[in-house]
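Accompanying notes for the structure given below.
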Amino acid sequence: MDSDVCKKAGGTASQRETEPVYRTTGPCAIKIPGPCGLVIFGASGDLTKRKILPSVYRLQKNHLLPDQFFILGAGRTEMSTDQFRGEVVSAVKNAFGKDFDESSWNELVNKLDYAPTNYTAPETYTQSLRQKLLQLEKRHQTGGNRIFYLAIPPTLYENVISNLGTTGLSREEGGYTHVVIEKPFGRDLDSARRLNRIVRDSFEEKQVYRIDHFLALETVQNILMLRFANSIFEPLWNRSYIDHIQITASETLGVEQRAGYYEEAGVIRDMFQNHMFQLLALTAMEPPVAFGAEPVRDERAKVFDSIKPFPTDRLSDYVAIGQYGRGKIGLNSVPGYREEKGVSAKSVIPTFAAMKVLIDNWRWNGVPFYLRSGKRLSRRRTEISIHFKPVPYLMFSNTLNEPIEPNRLVLRVHPDEGMNLVLQTKNPGSEVCLNPISMDFCYPRDVLMDAYEWVLLNCMHDDQLLFVREDGVEQTWSLLTPVIERLESTTAVDQFPNYPAGSSGPEEADLLMKRDGREWRPL
Ligand code: BG6
């Protein structure tokens, strides 16, 4: 029903037919950042082609990049700048198809350069990379503002970060120097702490941009506006009026080409330690003293501090996991996780998890947050649903046979970005009969900016609000590392698969809710 509403309102963001037009003047304008150079480590890799370069191109097309700008691709592959440009244009054409605009590309192409880079050799940094960088900075007049974007496998992070530090490239000389680090940031508490230490040895925290691309989604950013720029929600946003909250991120995709990574990660590392817990923090946090990176990140950190540790001896009361077997997504038959290329036939890696999270503070005491995320589920959907308490006095009890459905507010992150509030009204004509109505808001289809576009812009604007701070990453790992370790040591091979592809997940997840007298919103 939700998606129909958005279609009537003019289509969803994912179905956009025309490219958006961004305002670069006026009170709601998106500011064009100052001059800078973007150095992409992993320039010939998948992330660069799928996400970073298409986002740079789209920013260029919408006139959101400074004139004084360049990209220096750094990668292990030996190739010339012309070859690099050729690779980039095919990646961008691939991403935009018929919407590819030759003139925007022509404005960008001369700003692309490439330097073959041996990530582990310090002399590469002191010689070829530094020289190229200085040359490009002079040519494009970027004033020494540099962004080092690590689009490389996490096993290389330590090397590249330390080399940037020891060779002096991390120092701010005349302009800013930022480093962008993709997830996963560590694979448990110890490795995250170690990586933070290495980062700290080379960069100051104000230079560090740890990405969680969910935080940069337009609709996720809107959670704060909805909560704190409207007086009608905040008085109700607490244990007196809210029964429970559900946060869902379900996907229809399977593990795709990422089995190597996923077999080491699983859904809790891949989705919960970062995206799911960040969504929870934005939903649960107190009003910050100001809308700025530090005050907002302070409040997110306080939420993580207030989460009750999971009791590992009674984990099944709080956590349910699953792995998909064969099934159907739409009309297509798809293999089970253990049959995917690169996955062990006896893998016990979870592709689904559901969790009950309790926050021990004044606002949320007694209000469970139920989180679920999984691959190969029946629908792709990311949303936060706020379930209010039922009305206290049933003055209709003599005339109504059914209980009154409590109010529900759903913040749709994806697809059909928007929100929906369910209210009770009288059914016209009937004596006493209630009719739940749904008030729906869909984001206008021309104003949604991709998460990676926000990531790049904010990093150029020196704004860390949408990024994860050092403490945030360690807090979430410290909550989840014991859970992961316990599950890894207790999950038996014959426990999986326990849900077919195309379903809404394993029965254990439903039981988690049923035990509390609640149920998941249908996907
Ligand atoms: C990534 C995970 O961080 O987020 C993927 O590694 C997941 O496994 C993806 O598919 C979901 O994000 P999006 O933006 O594709 O919904």
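Tabulated data
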item: Filtered residues of region 167-177 (kept if surrounded by 18 or more Cβ atoms within 10 Å (Cβ to Cβ) and out of contact with any strand residue (DSSP E or B) (no Cβ under 8 Å at 6 or more places or on another chain)); result: T167
item: Residue among V357, V343 that alone is buried (at least 21 other Cβ atoms within 10 Å of the Cβ), more than 19 Å from A259 (Cβ to Cβ) and in contact (Cβ under 8 Å) with a residue 24 or more places away in the chain; result: V357
item: Qualifying residue in region 229-244 (condition: in a helix (DSSP H, G or I), more than 17 Å from the chain's Cα centre (by Cα) and surrounded by 17 or more Cβ atoms within 10 Å (Cβ to Cβ)); result: no
item: Subset tally (residues that are in a helix (DSSP H, G or I), open to solvent by 70 Å² or more (accessible area, probe 1.4 Å) and closer than 16 Å to G45 by Cα) for region 65-89; result: 1
item: Candidate set from region 250-271 (those that are farther than 14 Å from I211 by Cα and in contact with a strand residue (DSSP E or B) (Cβ under 7 Å, 6 or more places away or on another chain)); member that is nearest to the ligand (Cβ to nearest atom); result: E251
item: Matching residues, region 200-213, being in a helix (DSSP H, G or I) and without any contact (Cβ under 8 Å) to a residue 60 or more places away in the chain; result: D201, S202, Q207
item: Members of region 272-292 found to be more than 8 Å from the ligand (Cβ to nearest atom) and either assigned to a helix (DSSP H, G or I) or farther than 30 Å from S231 by Cβ (or both), listed by number; result: F272, Q273, M276, F277, Q278, L279, L280, A281, L282, T283, A284
item: Strands (runs of 3 or more DSSP E) fully within region 408-503 counting 3 or more residues that are surrounded by fewer than 19 Cβ atoms within 10 Å (Cβ to Cβ) and either modelled with pLDDT under 95 or within 16 Å of the ligand (Cβ to nearest atom) (or both); result: 418-426, 434-442
item: Test for E431: is it under 21 Å from the mean Cα position of the chain (by Cα), among the acidic types (D, E) and on the phi < 0 side of the Ramachandran plot; result: no
item: Any pair with Cβ under 6 angstrom, 6 or more apart, that starts in region 144-166 at a residue that is surrounded by fewer than 16 Cβ atoms within 10 Å (Cβ to Cβ) and ends at one that is in a helix (DSSP H, G or I) and at pLDDT 95 or above; result: E158/I198
item: Criterion: in contact with a Gly (Cβ under 9 Å, 6 or more places away or on another chain) and over 30 Å from A265 (Cα atoms) - qualifying residue of L112, L156; result: L112
item: Total residues in region 225-246, condition of a type in the set (A, V, I, L, M, F, W, C) and closer than 16 Å to G418 by Cβ; result: 3
item: Within region 436-462, tally of residues that are within 17 Å of the chain's Cα centre (by Cα) and not polar (S, T, N, Q); result: 11
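The values are calculated or read from the model by the stated rules, or taken from the named source; none is laboratory data. Just so it is clear, the structure is predicted and the values come from calculations on it, not from any experiment. Here the Cβ is made from the backbone with ideal geometry for all residues, glycine too, and neighbour counts use every protein chain on show. Note: areas computed on protein heavy atoms with side chains; ligands, DNA, RNA excluded. Shrake-Rupley method; radii C 1.70, N 1.55, O 1.52, S 1.80 Å.
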